[in-house]
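The values are calculated or read from the model by the stated rules, or taken from the named source; none is laboratory data. Bear in mind that the values here come from a model prediction, so they are computed numbers and not experimental data. All Cβ positions, glycine included, derive from the backbone under ideal geometry; neighbour counts span all protein chains shown. Side chains included, ligands, DNA and RNA excluded: accessible areas come from the protein's heavy atoms. Shrake-Rupley method; radii C 1.70, N 1.55, O 1.52, S 1.80 Å.
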Amino acid sequence: MDTDLRVLSGGDGEPLLLLLHGLGATGDVWAGWQPMLAERWPGRWLAPDLPGHGGSAPLPEYTFDALAAAVRPIVEPGGRTVVLGHSLGGVVGLALAAAGAPVAAVAGLGIKVAWTDEELDKAQALAQRPVAWFASRDEAAARHLRVSGLAGLLDPDDPAVTAGLVQEDGQWRLALDPRAFGVGAPDMAGLVANSPAAVTLARGEHDPMNSDSQLGQWGVPVVTLPGLGHNAHVESPERCLTLLA
C-alpha cells in the first residue's frame, strides 16, 4: 500500500472491514476486537492510525475530506468494504463513502453532530497550542488518556497508549498533531445525503456527546447500545460487533 499511514491488519479475503479510531486515539484501540474478528469476520480487517495520530504522518491541513483522502489508498478498488468509525473516524468513514470510495456500508459510532460556537472556538484554540512536552512517560500517558477519552478504560501501560506517545531526548509528547483539533463540525446532512453506502449511526446509551434525537434527524437507522458510553467500542467490543450485522 502506497500510504503514509501506520496500519494494523489481520484476516484475508472479503469483505474488508476498515476500523477508524476517534480523535487522539490510534488504531491499537481496536485490539480488543482482534480475537472476535478472527472468529467471526469473514474477510480482512485494517485499523490505520489516522493522519497526525500514532505512527501516521501529519497533514498540511485537517479537514474531513483530507483525512478521507489519506485513508482511501488502503481501500481496494472494486472490493467490498465496510467501515466502522468511532467519533472522528465515523465522520471520516462517511466522507470516504461520499467521495466515491467503494464502501458498501458505514457505521458511525459516537459522532458528535451538534456543536456550539463555544465548543468550536475551544477546539480551534486547542489546535493552535504548541506541542506539550512531559518529563515522564506517566505524565504523557495520563494526558493521552484524557485527550482520547480513554481514561479509566485503558491502563497507562497498554500498547494502545504507547502507540500514542513519542519519546525524544528524554522527554515525552503525544503523537497527536494538535492541529487535528481544528477539523471543525461535520456537515452531517451533506455527508449522509451524498453517501451511496448504507449508513447506520450508533451511540452508547450514556454518551454525553450526542443523543438519539440528534442522530435520528437524517432518516438513517440509529442504534443505541445499552449501558455504554462514548468509547463503546473499547468498553464492549462484543456488544458493538452487532453494528456489523
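Where is the GNM fluctuation largest for the chain (alpha-carbon springs, 10 angstrom cutoff): Leu165, Leu153, Leu46?
Taking springs between Cα atoms under 10 Å, the residue moving most is Leu153.
In the neighborhood of Pro237, defined by Cβ-to-Cβ distances under 15 Å, what is the net charge if each Lys or Arg adds +1 and each Asp or Glu adds -1?
-3
Once both labels are modelled 7 Å past Cα along the beta-carbon direction, what's the Asp4-Ala125 spacing in nm?
3.0 nm
Calculate the dipole size of the chain relative to its Cα centre from +1 charges on Lys and Arg beta carbons and -1 charges on Asp and Glu beta carbons; express the result in debye to the nearest 20.
260 debye
About the Cα centre of the range 156-245, how large is the charge dipole given +1 on each Lys and Arg Cβ and -1 on each Asp and Glu Cβ? Please answer in debye to the nearest 20.
In debye, rounded to 20, the range 156-245 gives about 300.
Ignoring ligands, DNA and RNA, what accessible area per residue does the chain give at 1.4 Å, in Å²?
So the chain comes to 44 Å² accessible per residue, rounded to a whole number.
Calculate how many DSSP beta bridges within the chain are antiparallel, expressed in % of all such bridges and rounded to the nearest 5.
The antiparallel proportion sits near 30 percent.
Roughly to the nearest percent, how much of the accessible area of the chain is carbon and sulfur, given a 1.4 Å probe?
The nonpolar share, carbon plus sulfur, comes to 51 percent.
If ligands, DNA and RNA are left out, what is the accessible area of Met209 with a 1.4 Å probe, given in Å² to the nearest 10?
80 Å²
Provide the percentage of antiparallel DSSP beta bridges, counting only those with both residues in the range 1-135; round to the nearest 5.
Counting only bridges with both partners in the range 1-135, antiparallel ones make up about 25 percent.
Based on the Cβ-Cβ distance of Asp157 and Glu205, what FRET efficiency does E = 1/(1 + (r/R0)^6) give at R0 = 51 Å, to the nearest 0.05?
0.95
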